[in-house]
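The structure appears below as structure tokens.
The values are calculated or read from the model by the stated rules, or taken from the named source; none is laboratory data. Please read these numbers as outputs of a predicted model, since none were measured by experiment. Don't worry about glycine lacking a Cβ; one is built from the backbone with ideal geometry, like all the others, and counts go over all protein chains shown.
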Amino acid sequence: MANIIDGKAVAAAIKEEVKEEVTKLKKEGREVCLAVIQVGNNPASTVYVGNKKKACEYVGIKSLAYEIPEETTEEELLNLIEKLNDDNEVNGILVQLPLPEHIDEDKVIQAISPLKDVDGFHPMNVGNLSIGKKGFISCTPYGIIKLLERNNIETEGKHCVIIGRSNIVGKPMSMLLLRKNATVTIVHSRTKNIKELTKQADILIVAIGKPKFVNEEYVKDGAVVIDVGINRDENNKLCGDVDYEAVLDRVSAITPVPGGVGPMTIAMLMNNCVEAYYMQNE
């Protein structure tokens, strides 16, 4: 019987740890603060931003919300980021993606101070990750590592296959797993023999944004499957990139959707905010 990896429970435990840390800081008269910027009113972004605000409220982090109109210019957004970079009361800055088409995402990510980049997207933090130096790690891959650790799933010496090579999940995930002494293969849309490679995986991490793409033909018996996707199926029900029912009897452990990787992303964001406070103040 597969172990269903409970992301909600692990995320709740991490949030409790963060809450304890924030309470301790507050007793010393110190406050952790996150600024969240949303440009326009993309419905999915509004949900994510709302969840981040709730998490901040729960753990005791002060959150500043900047909900600015779709037609905001790139220059206006960059000016706001510069103002927040210079504000010593603000420890973390998060710009909710995607941004409207007239704004250059790369320019915006690079404008955030690397010391306040709690999303872990700034090239300096990505570079630090690749050479094993301290810096912010993007929240979803960081959350996956914590899920594996807290479920006692060994990565050292294991063959980990990642489907997807995005800057947000696939690439940083590969570097984190290398750091933990795994052997890593990345497959993507141009890979010729995807199934042959994924069937070699001890740990298969799927992040491609295609509903139920991975079925039992991609998975070897006893593998651990981590599903990063959040999609809607033909009945408008939430589902992952993995056909959960099809692979359940074959795997040793699997993350459900919802309730697997999703809750970990916000828990690690809260964790990064506290880390940012310490990096800036000690």
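Before moving on, here are some points about what is shown:
- Those residues of segment 16-35 which are crowded, with 19+ Cβ neighbours inside 10 Å and assigned to a loop (DSSP other than H, G, I, E, B), in sequence order: VAL32
- For beta carbons closer than 7 Å, sequence separation of 6+ or different chains, a first residue in segment 89-114 that is assigned by TED's automatic domain parsing to the domain that holds TYR66 and a second that is modelled with pLDDT of 95 or more and aromatic (Phe, Trp, Tyr), the qualifying pairs are ASN91/TYR277; ILE109/PHE121.
- Segment 173-199 - residue that is in contact with a Phe, Trp or Tyr (Cβ under 8 Å, 6 or more places away or on another chain) and surrounded by 15 or more Cβ atoms within 10 Å (Cβ to Cβ) and, of those, farthest from LYS210 (Cα to Cα): LEU176
- Some residue of segment 131-152 being in contact with a strand residue (DSSP E or B) (Cβ under 6 Å, 6 or more places away or on another chain), part of a loop (DSSP other than H, G, I, E, B) and among the basic types (Lys, Arg): no
- Filter pass, ILE254 being assigned by TED's automatic domain parsing to the domain that holds ILE163, touching a Phe, Trp or Tyr at 6+ places or on another chain (Cβ under 8 Å), at pLDDT 95 or above and crowded, with 24+ Cβ neighbours inside 10 Å: yes
- Of residues in segment 38-55 being aliphatic (A, V, I, L, M) and over 21 Å from ILE109 (Cβ atoms), the one surrounded by the most Cβ atoms within 10 Å (Cβ to Cβ): ALA55
- The helices (runs of 4 or more DSSP H) found wholly in segment 176-282 and carrying at least 2 residues that are over 19 Å from ILE162 (Cβ atoms) occupy 244-247, 262-281.
- Whichever residue in segment 1-15 is over 11 Å from GLY259 (Cα atoms) and touching a strand residue (DSSP E or B) at 6+ places or on another chain (Cβ under 6 Å) and, among such residues, is surrounded by the fewest Cβ atoms within 10 Å (Cβ to Cβ): ASN3
- Selected residue (criterion: nearest to ILE153 (Cα to Cα)) from residues of segment 216-241 that are exposed (fewer than 14 other Cβ atoms within 10 Å of the Cβ) and at pLDDT 95 or above: GLY222
- Being of a type in the set (D, E, K, R), touching a strand residue (DSSP E or B) at 6+ places or on another chain (Cβ under 7 Å) and surrounded by 16 or more Cβ atoms within 10 Å (Cβ to Cβ) is a description that applies to LYS212.
- Filtered by the rule that a residue be assigned to a strand (DSSP E or B) and either over 24 Å from LEU84 (Cβ atoms) or over 19 Å from the mean Cα position of the chain (by Cα) (or both), segment 36-45 gives a lone residue, VAL39.
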